[in-house]
1. Would you work out if region A:14-58 is rounded, prolate or oblate? Take a ≥ b ≥ c from the square roots of the eigenvalues of the alpha-carbon gyration tensor; rounded if a/c is under 1.5, else prolate when a/b is larger than b/c, oblate otherwise.
2. Please state the shape class of the protein assembly as shown: rounded when a/c is under 1.5, otherwise prolate if a/b exceeds b/c and oblate if not, all from the C-alpha gyration tensor.
3. Averaged over peptide C:116-129, how many Cβ atoms belonging to another chain are found within 10 Å of each residue's Cβ?
4. With respect to the cross-link table entries C:K105/C:K173; C:K99/C:K122; C:K149/C:K173; C:K61/C:K105, which display a Cα-Cα separation exceeding 26 Å?
5. Kyte-Doolittle cut-off -0.5, length cut-off 27 Å along the helix's own axis using Cα: show which whole DSSP H helices in chain A pass.
6. Counting only other chains, what is the mean number of Cβ atoms within 10 angstrom of the Cβ of each residue in peptide B:169-175?
7. Using a 10 Å cut-off around each Cβ, can you sort A:S196, B:S151, B:S13, A:S31 from fewest to most neighbouring Cβ atoms?
8. How big is chain A along each principal axis, measuring the range of its Cα positions in Å and listing the largest first?
Amino acid sequence: MSQPSMSEALRGVVRRDLLLAMRHRSDVAMSVFFVVIVASLFPLGVGPEPAVLRVIASGVLWVTALLACLLSLGRLFTADYLDGVLEQTLLIPQPLAVLVVGKVFSHWVISGLPVVLLSPLLGLQFGLSGDSLWVLTLSLLLGTPTLSMIGAVGAALTLGLRGSGLLVALLVLPLFIPVLIFGAGAVTNSLAGIGSEANLSLLGACFLFSFAFAPWATAVALRIALE
Amino acid sequence: MSATGINWFKYSSPQALYPLAGRMIPWFAAFALALIGVGLYVGFFVAPTDVTQGDAYRIIFVHVPAAWMSMFLYVIMAIWAGLGLGLNARPSFMMAQAIAPTGAMFTFLALFTGSMWGKPTWGAWWVWDARLTSELILLFQYIGIILLRSSIDDLRRADRASAVLALVGVINVPIIYFSVRWWNTLHQGASVSITAAPTMAGTMVTAMLVMMFGFWMYSIAVTLARMRCVIVERERQPSWDKQASIPDVVEAR
Amino acid sequence: MGTSDGAGNRLTNSTTHEDSTLPCYFSFDLSGVSPNMFQTVALSGSRGERQLFSDVSVTVKPGTLLAVVGENGSGKTSFLRMLCGLLSPDGGTILWQGKDIRRLKELYSAQLTYVGHLNGIKDELTPVENLTVSACLAGDESSGAIVQKALEAVGLVRPVHRLPTRVLSQGQKRRVSLARLWLSTRPLWLLDEPFASLDAAATSYLTQRLHAHLHNDGMVVVATHQEIDLPPDCIQHLRLTR
């Protein structure tokens, strides 16, 4: 009988996903391009006036990042489900919740982190500057992993269902709303000159809360889906 | 079980629940009719005209109880969902399944009446204030649960997945409430609360509470009726209970 | 044959045509080995509306292979998944060393290797990468040389080892998936139609490996259509009935 240690199992899961991502570098590029294109749609729709753009910047950029996360959730478990890797993951003798955190982490590195790194540039496009750029980046840094973690619950619940792309959006958007409110709120407050510490701390609280409960809920949902 | 003299587990099979529910429905329906009738009468005819809002405010007698019920039913549904997952009990999942549409209906009613109240009061059919927005998100959560269940063909997976979603959602409800209030506090502050002294005239409070109980009785009646439909539907596919068949269930009346 | 210590416990055994650098011994607690190591008690299962089987009680003794036979749709896969702990039975229990596997959870998962219908390998990775990852996640030996040996033992030649799995044939992919059995040191193997897609050579390699495993007091449960070429005294058959 042999058993990997928890850190070995975690590293194995993360390493496999990152290795796969390196074979499919387009996955990373897709998230980035999506965010760039969608963010550009708003000035095209609303008009290029800098004052208006600055006002809508926090909401637009946050919603765009949120949609990018939502659209990438399909890639979190589906491939593993279809080729049998997921059921093997369920049989690893370590807590599934921990392995889920590993999967979400690698998923975030591939789809969320590039958006965070790109956000200052997007902020500049919308006329943000100085402090608010930092706040934008920081809020996305805290927020995107939270969104991925919460989204994992929805992805696990809708695993293998037809029409799961739309269904997961419907299930998960109500859960995303608090994160959106605090994240966009942080940037708005920073633009208005009011401190954004409150919003950022709430965002941090959401992050911790989601990592405390969502992996476990996701594990339960995965077992239900694989029965 | 035996301490209370009632063997609850006797009711854990659909054959026993079906007739029991059937006997209870007329009573709850009667109470509902009576209470809602009284509540509406008091609300629309007896309660005094509001100083600032005139008679248009009377929609509050439907709006507020409906909003309370929508949240209350969500919590009850989540409790049944939790019991179902914890005890692996079919009737609990059936109750959760039966409650969801009624909860969604009350949420929609609250939004609709809220909008009707909003027009004369604030001049717009929709305002993005904290309470209405929270109700809207609650409606999304209800719809999500109903759609998830209908998207899954396998009964066991449908039960368990929608139960997990209900539990996740119930944790989200207070978070939504807090975050949306944080975002916007335009709505009229809660003028009826259990702990604070009522800022409304006594008859208004009475009317709202009567309406709430009426809605509660209505919910129970409708949920039990829906549960009977769920039982009949499931017994056509005896996946968990091999002996049941429709004639048995109907004859058991 | 095997060498054994003074207490008569098997320690090592040479396997198949491969040398002894491949792991082929277990280190599970031998004091726990008993004839009733793995058994199901009154197991019943259904899938959706269909009742698949009921009241299945079977014991798999160390050194025996349980062949689960039946037509398509008779519940063989569901039965195996219940034994893995992936599926909940309608009724009955599965016991490992006398304890319910639902209580043992991870302690039980650490005892088994499951090869299901799906291969459980990534098309974009090479056979070497796939096997290294699965061995690593199973806590098995996963060094490059050993992994290559395991792939060779299952009949895949060296040039194939570094190609992306997606270009391999069905049979070759199946061999990659089965290669983890050559690295596994777990006592219980649960295999769902392992011989499907395999040609005669691969079938014989797998049979030899199963034989070696049984020789070491391992247990195997196989869902299969075909006859397995092993000594009759270590095979028992189970036909699932409603």
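Quick note: the coordinates plus some simple rules give every number you see, no bench work behind them. Fair warning: this is a prediction, and the values are worked out from it, not measured in the lab. Every residue, glycine as well, gets a Cβ built from its backbone with ideal geometry; the counts of neighbours run over all protein chains shown.
1. Prolate.
2. oblate
3. Taking the mean over all residues of the peptide, I get 4.
4. Over 26 Å Cα-Cα: C:K105/C:K173; C:K99/C:K122.
5. Those that pass (Cα extent of 27 Å or more, hydropathy at least -0.5) are A:26-46, A:50-72, A:131-157, A:164-192, A:197-225.
6. What the average comes to for B:169-175 is 3.
7. The order, fewest Cβ neighbours first, is B:S13, B:S151, A:S31, A:S196.
8. 64, 32, 30
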